[in-house]
Amino acid sequence: MTKMKRSMTVMLALFMVVGLLLTGCSGKKEEPKNEASQADATQSNETKSNEPVTEEGSNTPTEEPVKLTWYVYSAEPKNAAAVLQKANEIIQEKINATLEFKYVNPGDYNAKMQLAMSSGEEYDIAFTASWVNSYSENANKGAYLALDDLLEKFPDLKGMLKEEIWDGARINGKIYGVPNNQIMADQPGVWLKKDLVDKYQIDPGSIKSLTDFTSVFQKIKDGEPGVSAIRFGIASAFADYYSSVVDLFAIDTKTWKVVYTPDQYTDGYKLTREWYEKGFFPQDVATLKDEASLIKAGKVFSRYSRQKPGNEAALKATNGFDVVSVVTGPAVINKGAVTSTLNAISATSKHPDKALELINLVDTNKELFNLLKFGIEGQDYTKVSDNRIEPKPDSYAMAGWMFGNEFNSYVLPGQDDNVWDQTKVLNDSAMIDPAIGFVFDRTPVENEIAQLTAINAEYLPVLSNGLEDVDKTLSALLEKRKAAGHDKVLAEVQKQLDAWRAAQQ
Amino acid sequence: MKRTADYSWSKLPIHLFFIAISVVFIVPLWSIISISLSKESDLVTVGYRLIPLNLDFQAYQYIFDNPLPILNAYKVTSIMSFAGTCLSVLMISMCAYALSRSDFKYRSIITFYLFFTTLFSGGLVPYYLLMTKVLHLQNSYAALIIPLLGSVWFVFLMRTFFQQLPDSLVESATLDGAGELRIYFTMIVPLSTPVMATVGLLQLLAYWNSWYQALLFIDKQELYPLQYLLQVMMSNIQEILRNMQENVPVDAGAAVQIPTESTRMAMCILAIGPMLFIFPFFQKYFAKGLTVGSVKG
Amino acid sequence: MLSRMMKDFRKNKFLLALTLPMVIYVFVFSYTPMFGAIVAFKRYQYNKGILGSDWVGLSNFKFLFNSPDLWRLVRNTLGYNAVFIMTSLVASVTVALLLYELTSRKLLKAYQSVMFFPHFLSWVVVAYMAYAFLNPRSGMLNHWIADIGWSPVDWYNEATAWMYILPLANIWKDIGFGAIMYYAALLGIDPAYFEAAKIDGANKWQIVRKISLPSLYPLITILTILAIGHIFSADFGLFYQLPMNSPTLLATTDVIDTYIFRALTVLGNIGMSSAAGLTKSLLGFLLVLGVNAVVKKINADNSLF
């Protein structure tokens, strides 16, 4: 025993020495760098905005081209080197810079970006979104550069999106990322398998409420054994629109009161429970991992689907059968839709102005965008007409929504010639969420949110798939949430919302 | 060893026990093989079966569509596993031997020093900083090998084995004037082949199955180990499928008919296949009779 | 004092040299990054780094300790780990003893290989395999159950069943690994002991009890002590992948690690996750100190340090 005690004291002593050494060394090493990068971050907004913008093509050829790195959420596509080389000819000529894409496999993107950011790696641009490499978290934690002033130098880029959309990209009042211009409106819907719709003479136009689905699904259930009427619950379909904020809290934009959404969807949950008991869902509704093969095999009659122009053609291509869509809610442009794909400039970037210039170029130069999206003509695709192409199998392809302005994209087989015009019409006609500019700062309630998130993950799938009695589940959920700080978060959201509203007026 | 004992009837219950257990282990293995050879649409429509309804090699074709990266990944994994295992067995066993000696003065403190790290760690970020910013090991074999090299757990396992060796052995050797290093290499190592083989095998497996270091430190595909490459392929498939269902625009060219379930199982078979051949090689050293007496005599 | 230290050093320098590679390795790759643990007490900011971020005291620990599910998490984590430690110990030792009885090398190798193969599999693959048997739509087990005329069970909504499925899966995956270690330990026993016992007329059971088992005690003790250190951590793959993250099973499948994952997957908060990790380590560490002290009282040779 004494021996052990002694060894522990020695260990502790050793420990402290090591600790001191470490903090000493690394402190010295890191501090100047931090100051520098912080200074950089604040300065770049002020001083750099005064620098003259290099006009396209007017750069002096003697200057070394700036090397820019851009993290993208994609595995390396085929022929990537050749495509990038060709793209760099354009980029170097226009803005005297070269681009290097850093391809990160989708499954690893969160982990890789977190390490890149926490190790202070110098990179210029990164793909970020609300659903991966969290835009708001990273901006909050100082990973990105505020672009407000810098953006003023690129009127084309700034004018590409409506002011409200830029507001949607604001975190704590500042813009930290450029949203990719694509479909912004978010509109819920459901697709139905067309052959069965015809067989049972279902009129999709007559479905105007959630209860209207019940008789439709009953027909499928009775007539088609082995086919699930619907993939999973759609409790919020046809419900009023609420602007969701954080956790399960949303804003009722008519009254500007914060609401707890499960209260609003109770009827939907009850109907879902009824559907579950009637056997409308696949038996493994909550655990099913590989839905694609089930759908492709024709074992599912309907499924939730976000509405957009060309939707039915796209679904036909992926599923292999015709579908009819039922729209179940209004088209809305909200914060979630705006932050679904953005590109941000790193706080560690040495050339933030060049990086934004590059984003500007990719968003405004049709040739460059299509080169980066579809590759090289002849090698990766054949041109059918002026704006229509046919991709070759096993060739270069990258998702356009990840890095640029989709309205400049060529159209693909199966897409309407004017698919992007239709998209624009939808974007312009969509309702803009009145609370789009409001950002909740979760810092004061971080611990509560972590607990609530864990609790929701347990109860929401049960509610939205009708796995258990609704009243019982709802009260169990609320009881647990209260214990975890439900009321505190609710009050905090309302407080911040009121403050934001006061500032708006 | 007498061979006649093989068929002794008294062992029959033991054999029956093991045969029963083996069934529990073989059926799942068999089902993995079976699923990997099944048609993807059959898996959905008729469910999983022990014998595929229609034999189909689509999953393997899909994986070997581009065989060069896979072959290269086998190479990377082999180099990393072989080098890593040799180095780590040497390092672990030397340390374990010293710690097993009751007359080693610093035994207690070093044991504690090692043990402490099995519970406490500084987390990923400082480790990543150390490996990439201080040691600049990214994109090298070293980055694949080092993280698994010094397993403290195995040090303690081996130490326990070495403690079983009689003290008299070392004492007599010391009296003969043999140095510690010589005692270790000429007496301890030969006497400990079963444990060396055990730790070697377990370390080899740990290396063979490892992928996390690759995720952290490797950007270049030439240095992807097998497990990581397979994982990347699988996650790409899932990403494509997810996008298709969530109606995120999928660019054409992404194959529509990708086998998922059968591919996952086929990858598993490809990863564990070579190990099933290497395993018997190690078993050779799990032999009785390599004991103190046989060396002394 | 100093001269005694020098003398000790000289006497032990060769053995010390043998430990040196490991000692240096652990220092560089385990101790140097350890300063990062302070992030548990900070609000981490990317642009400020670990050292520059603001101190927030114990705030990061709250999400774990204030959780309304804390009792469930602790009960499941400790309960399952205790069951796992015991069952895999008993099973591995039993199998090792039985393997040792076998004389046919061929069959011995075959049994070993078969039992060892699950160790090659990741939990993801095991989870999909289990799913092939258990899922309510096309699972083989339900087909068989239906064939005998019983009604199929929706396993992924049957929480109590998982109290048995999880330990079984754990044994299934671990037994080959454990058995090989204990088998290797049995091989280290001098056969002279067995011969002597046989001559004295001891039966099989007596030999096992008096010779085989006692010679395994040191290994059993060490492995158990090491396992107890991790009793607050759970194998994430086993508890998350195998039940397919089914929400209705959480009563019997939720452990500390799955809770941390659920709570932080959205936030990705490094401070909170290291706070949770530090808590688990500290509790495990205290337990090990206690257990080690007890073992030391009973038999000093078997203790860890």
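In the range B:8-20, the residues that are within 15 Å of C:Thr94 (Cβ to Cβ) reach residues that are at pLDDT 85 or above and hydroxyl-bearing (Ser, Thr, Tyr) with C-beta atoms within less than 6 angstrom, at least six apart or across chains, in these pairs: B:Phe18/C:Tyr111.
In this structure, does C:Ile225 turn out to be within 14 Å of chain A (Cβ to nearest Cβ), more than 30 Å from C:Tyr46 (Cβ to Cβ) and either basic (Lys, Arg) or assigned to a helix (DSSP H, G or I) (or both)? Before the answer, list the steps.
Numbers: within 14 Å of chain A (Cβ to nearest Cβ): yes; more than 30 Å from C:Tyr46 (Cβ to Cβ): yes; either basic (Lys, Arg) or assigned to a helix (DSSP H, G or I) (or both): yes.
Against the criterion (within 14 Å of chain A (Cβ to nearest Cβ), more than 30 Å from C:Tyr46 (Cβ to Cβ) and either basic (Lys, Arg) or assigned to a helix (DSSP H, G or I) (or both)), C:Ile225 qualifies.
Might you check whether a residue that is surrounded by fewer than 22 Cβ atoms within 10 Å (Cβ to Cβ), aliphatic (A, V, I, L, M) and out of contact with any Cys (no Cβ under 7 Å at 6 or more places or on another chain) occurs anywhere in the range B:98-112? Scanning the range B:98-112 turns up at least one residue that is surrounded by fewer than 22 Cβ atoms within 10 Å (Cβ to Cβ), aliphatic (A, V, I, L, M) and out of contact with any Cys (no Cβ under 7 Å at 6 or more places or on another chain).
Evaluating A:Val338 against the criteria (1) within 14 Å of chain B (Cβ to nearest Cβ); (2) touching a strand residue (DSSP E or B) at 6+ places or on another chain (Cβ under 6 Å) leaves one unmet condition, (1). If you check C:Leu98, C:Leu15, C:Leu64 for being farther than 30 Å from B:Ser88 by Cβ, assigned to a helix (DSSP H, G or I), facing chain B (nearest Cβ under 8 Å) and hydrophobic (A, V, I, L, M, F, W, C), only one passes: C:Leu98. Condition check: within 17 Å of C:Leu97 (Cβ to Cβ), away from chain A (no Cβ under 12 Å), among the aliphatic types (A, V, I, L, M) and under 19 Å from the mean Cα position of the chain (by Cα). Does C:Ile220 satisfy that? Yes; evaluated as a whole, the condition is true for this residue.
Taking the range A:310-322 as the range and being outside any helix (DSSP H, G or I) and within 11 Å of another protein chain (Cβ to nearest Cβ) as the test, the residues that pass are A:Gly310, A:Gly320.
Among the residues of the range C:243-264, just one is hydrophobic (A, V, I, L, M, F, W, C), farther than 13 Å from C:Phe63 by Cα, facing chain A (nearest Cβ under 7 Å) and part of a helix (DSSP H, G or I), namely C:Leu250.
Scanning the range A:371-387 for residues that are within 30 Å of B:Asn66 (Cα to Cα) and more than 12 Å from every other protein chain (Cβ to nearest Cβ) gives A:Leu371, A:Ile376, A:Glu377, A:Gly378, A:Gln379, A:Thr382, A:Lys383, A:Val384. Restricted to the range C:71-95, and to residues there that are more than 10 Å from every other protein chain (Cβ to nearest Cβ) and free of Cβ contacts under 8 Å to residues at least 60 places away in the same chain, the residue that is farthest from the chain's Cα centre (by Cα) is C:Trp71. Looking at C:Leu238, C:Leu213, just one residue is in contact with a Leu (Cβ under 9 Å, 6 or more places away or on another chain), modelled with pLDDT of 90 or more, over 30 Å from A:Asn110 (Cα atoms) and part of a helix (DSSP H, G or I), and that residue is C:Leu213. Here the strands (runs of 3 or more DSSP E) wholly within the range A:154-269 that include at least 1 residues being of a type in the set (Ser, Thr, Tyr) are A:243-246, A:257-260.
Residues that are modelled with pLDDT of 95 or more and crowded, with 21+ Cβ neighbours inside 10 Å, at least 2 per element: which strands (runs of 3 or more DSSP E) completely within the range A:333-396 meet that?
Hits in the range A:333-396: A:342-345.
Listed conditions (1) free of Cβ contacts under 8 Å to residues at least 60 places away in the same chain; (2) more than 9 Å from every other protein chain (Cβ to nearest Cβ); (3) touching a helix residue (DSSP H, G or I) at 6+ places or on another chain (Cβ under 9 Å) are all met by A:Asp417, apart from (3). Of everything listed in (1) more than 7 Å from every other protein chain (Cβ to nearest Cβ); (2) touching a Ser or Thr at 6+ places or on another chain (Cβ under 8 Å); (3) in a helix (DSSP H, G or I), the single unmet condition for C:Lys297 is (2). Quick check: is even one residue across the range B:143-161 small (Gly, Ala, Ser), under 23 Å from A:Met117 (Cα atoms) and surrounded by fewer than 23 Cβ atoms within 10 Å (Cβ to Cβ)? Yes, the conditions are met somewhere in the range B:143-161. Among the residues of the range C:15-52, those that are hydroxyl-bearing (Ser, Thr, Tyr) and under 25 Å from B:Phe115 (Cα atoms) comprise C:Thr19, C:Tyr25, C:Ser30, C:Tyr31, C:Thr32.
Considering C:Gly57, C:Gly79, which residue is surrounded by fewer than 18 Cβ atoms within 10 Å (Cβ to Cβ) and modelled with pLDDT under 95?
The unique qualifying residue is C:Gly57.
Going by the structure shown, is B:Leu53 more than 29 Å from the chain's Cα centre (by Cα) and either buried (at least 19 other Cβ atoms within 10 Å of the Cβ) or not in a helix (DSSP H, G or I) (or both)? In short, yes. Look at (1) more than 13 Å from chain B (Cβ to nearest Cβ); (2) under 20 Å from B:Leu215 (Cβ atoms); (3) surrounded by fewer than 20 Cβ atoms within 10 Å (Cβ to Cβ) and you find that A:Ala126 fails only one, number (3).
Can you say whether A:Lys289 is under 29 Å from A:Val439 (Cα atoms), outside any helix (DSSP H, G or I) and among the basic types (Lys, Arg), as far as the supplied structure shows? No. Of all residues in the range B:162-182, those being within 18 Å of B:Arg107 (Cα to Cα), surrounded by 17 or more Cβ atoms within 10 Å (Cβ to Cβ) and more than 9 Å from chain C (Cβ to nearest Cβ) number 2. Residue pairs whose Cβ atoms lie under 6 Å apart, separated by 6 or more positions or on different chains, with the first residue in the range A:179-208 and under 26 Å from A:Lys424 (Cα atoms) and the second in a loop (DSSP other than H, G, I, E, B) and basic (Lys, Arg), are A:Ile183/A:Lys308.
The values are calculated or read from the model by the stated rules, or taken from the named source; none is laboratory data. What you are looking at is a predicted structure, and each value in this text was computed from that prediction instead of being measured. All Cβ positions, glycine included, derive from the backbone under ideal geometry; neighbour counts span all protein chains shown.
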